[in-house]
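Single-structure report; data block below.
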Amino acid sequence: MERTFLAIKPDGVQRGLVGEIIRRLEAKGFTLVGLKLVRVSKELAEKHYDVHRERPFFPSLVAFITSGPVVAMVWEGDGVVAAARKLIGATNPLTAEPGTIRGDFGISIGRNLIHGSDAIETAQREIALWFAPEELVAWQPAATAWLVES
Ligand code: DAT
Ligand code: MG
């Protein structure tokens, strides 16, 4: 089953949006299989954002993600990687569509509330980076029959 890595960034936690963000993913019908509050180390931040290492905003990105607690999550469901990116919205909250998390709650690219893996392979790398295998819980939600036609 497809999985994605999502992380509510320090701005989302500080602004009290953890419940609202999790609610949207639950309401959509995806399954939460991993969840923890993390104080991100500089080492983890630099590994997570490795593809952006040469970008001018890399130092501020690392400073921001390590500035406060982050809610790290793994969500499961068919098509969850792309669908979660749609729920999250465009990178810049100012231009993200209303109805998306970034579009509804943000105004600045450097405070865009949540990270979501951009592809299945990226998700696999990020899940392995943030979670030990025993921290992930596979389970079958009772509502599945009402969400997915078998
Ligand atoms: P996304 O988080 O939508 O996958 P990304 O992977 O391109 O976006 O960039 C990672 C983060 O880096 C993004 O959430 C916010 C920050 N960022 C991206 N582009 C930026 C820019 N031009 N200026 C400042 N921060 C930027
Ligand atoms: Mg990205």
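When a 1.4 Å probe is rolled over the protein heavy atoms, the share of accessible surface on the chain that falls to carbon and sulfur comes to 56 percent. Accessible area per residue for the chain, computed on protein heavy atoms with a 1.4 Å probe, is 55 Å². Placing LYS86, LYS28 in order of accessible area, with the largest value first and a 1.4 Å probe, yields LYS86, LYS28.
For a straight C-alpha distance cut-off of 18 angstrom, the lysines reachable from LYS28 (same-chain residues fewer than eight places away being disregarded) are LYS86. In the chain, the calculated helix contribution to ellipticity at 222 nm averages -10500 deg cm²/dmol per residue, counting -39,500 (n - 2.57) for every DSSP H run with n ≥ 4.
Rounded to 0.05, the FRET efficiency of the ARG53 and ARG23 pair, given R0 = 35 Å and the Cβ-Cβ distance, is 0.55.
The residue list HIS115, ALA132, VAL148 was ranked by how far each Cα lies along the charge dipole of segment 104-148 toward its positive end, using unit charges on Cβ atoms, and HIS115 comes out on top. Would you mind classifying segment 24-150 by shape? Square roots of the alpha carbon gyration tensor eigenvalues, ordered a ≥ b ≥ c; an a/c under 1.5 is rounded, otherwise it is prolate if a/b is larger than b/c and oblate if not. Oblate, since a/c reaches 1.5 and b/c is not below a/b.
The phi torsions of segment 119-131, fed into the Karplus equation with coefficients 6.51, -1.76 and 1.60 and a -60° offset, translate into couplings of 7, 4, 5, 4, 4, 4, 5, 6, 4, 5, 6, 9, 10 Hz, rounded to whole numbers, with Gly and Pro shown as x. Remark: relative contact order (segment 21-77) = 56 percent; criterion is Cα-Cα distance under 8 angstrom and separation of 6 or more residues. Under 5 Å from the amide H of ILE114 lie the amide H atoms of LYS9, each residue being 5 or more positions distant or on a separate chain, with H modelled from the backbone and absent for Pro and chain starts.
The values are calculated or read from the model by the stated rules, or taken from the named source; none is laboratory data. Not measured: the values here are computed from a predicted model. Heads up, the Cβs are rebuilt from the backbone with ideal geometry, glycines too, and the neighbour counts pull from every protein chain shown. All accessible areas refer to the heavy atoms of the entire protein, side chains included, with ligands and DNA or RNA removed. Shrake-Rupley method; radii C 1.70, N 1.55, O 1.52, S 1.80 Å.
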